[in-house]
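Visitor: Attaching a single structure in structure tokens format; questions to follow.
Every number here is computed from the coordinates shown, using simple stated rules; none is lab data. This one's a predicted model, so the numbers in the text were calculated from it and none came from an experiment. Note that we place each Cβ from the backbone using ideal geometry, even for glycine, and neighbour counts take in every protein chain shown.
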Amino acid sequence: MNPLIDQLFDLSHSLAAPLLQRVKQPWEALPQLAAYLQELAKNLPPDFEEIAPQVWVGKGTFIEKTALINGPAIIGRNCEIRHAAYFRGNVLLGDEVVVGNSTELKNVILFDNVQVPHFNYAGDSILGYKAHLGAGAILANFKSTGDEIHVYLDGKKTGTGLNKFGSLVGDHVEVGCNSVLFPGTIVERNVVIYPLCPVRGYIQSGSTLKNDGQVYPRS
């Protein structure tokens with residue numbers, strides 16, 4: 001197991017566990033997601049149904065008629081897909097996930113109990129167990145210059161080999177309304193991000209990022 005994955009995610013809460021266990025760094029799973037969804041679809045439990053070409057849905061999930069879901073996509077059990085949600089393909093959702101009004105997803109892994117409920121965008125990203133985005137929070141995945149996206153690990157700038165990569169958001173992270181996570185942002189478990197924050201770099205577990213741009217220990 002990669003230590004970064006250990007610091008971010010409880011893999012027991014995602015069907016993506018085998019994929020994440022076989023990559024060196026978590027972002028390396030994202031270019032493999034399309035093929036993995038096809039592989040996973042062949043062995044889904046019997047309470048999953050293919051409701052449209054390459055769209056598989058678990059028992060108890062509710063999907064509004066106004067949602068647009070392009071496959072491949074696997075949506076877990078007891079999820080809620082609300083009005084005008086837009087799936088652009090290569091989406092893997094866990095159980096009891098909420099995808100809300102006018103939220104757009106593309107090439108993402110959302111663990112169990114994730115909530116992206118109001119006007120959110122998540123592209124080329126992974127959100128851990130019980131992560132929550134406030135209204136209007138955005139996980140940006142592309143630099144205006146279009147060049148390679150880097151991350152910061154142990155204070156060192158590290159290339160990802162990707163020019164489209166959003167964020168790694170750990171378990172139990174709360175992202176405030178209208179915050180923007182810049183490409184390559186990594187947020188460890190149990191972090192609170194205040195509303196209206198620009199977020200970049202590496203945020204350590206148990207921290208609070210406030211509007212002054214400073215990171216404080218959670219009280």
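Visitor: Return the only residue of Ile109, Ile81, Ile69 being touching a residue at least 60 places away in the same chain (Cβ under 8 Å) and under 21 Å from Ile126 (Cβ atoms). So that I can check it myself, show each step before the final result.
Guide: On the way: Ile81 fails: touching a residue at least 60 places away in the same chain (Cβ under 8 Å); Ile69 fails: touching a residue at least 60 places away in the same chain (Cβ under 8 Å).
Among Ile109, Ile81, Ile69, only Ile109 is touching a residue at least 60 places away in the same chain (Cβ under 8 Å) and under 21 Å from Ile126 (Cβ atoms).
Visitor: For segment 161-195: of the residues being of a type outside the set (S, T, N, Q) and in contact with a Cys (Cβ under 7 Å, 6 or more places away or on another chain), which is surrounded by the fewest Cβ atoms within 10 Å (Cβ to Cβ)? Please lay out each step first, then the result.
Guide: Initial filter on segment 161-195 (of a type outside the set (S, T, N, Q)): 161-162, 164-166, 168-177, 180-184, 186-189, 191-195.
Subsequent filtering for residues that are in contact with a Cys (Cβ under 7 Å, 6 or more places away or on another chain) retains 176, 195.
Values: Gly176: 21, Pro195: 14.
Ranking the qualifying residues of segment 161-195, first place goes to Pro195.
Visitor: Suppose the filter is surrounded by 15 or more Cβ atoms within 10 Å (Cβ to Cβ), among the charged types (D, E, K, R) and on the phi < 0 side of the Ramachandran plot; does Lys65 pass it?
Guide: no
Visitor: Tell me, which strands (runs of 3 or more DSSP E) lie completely within segment 138-219 with 3 or more residues that are within 25 Å of His118 (Cβ to Cβ)?
Guide: 167-169, 185-187, 207-209
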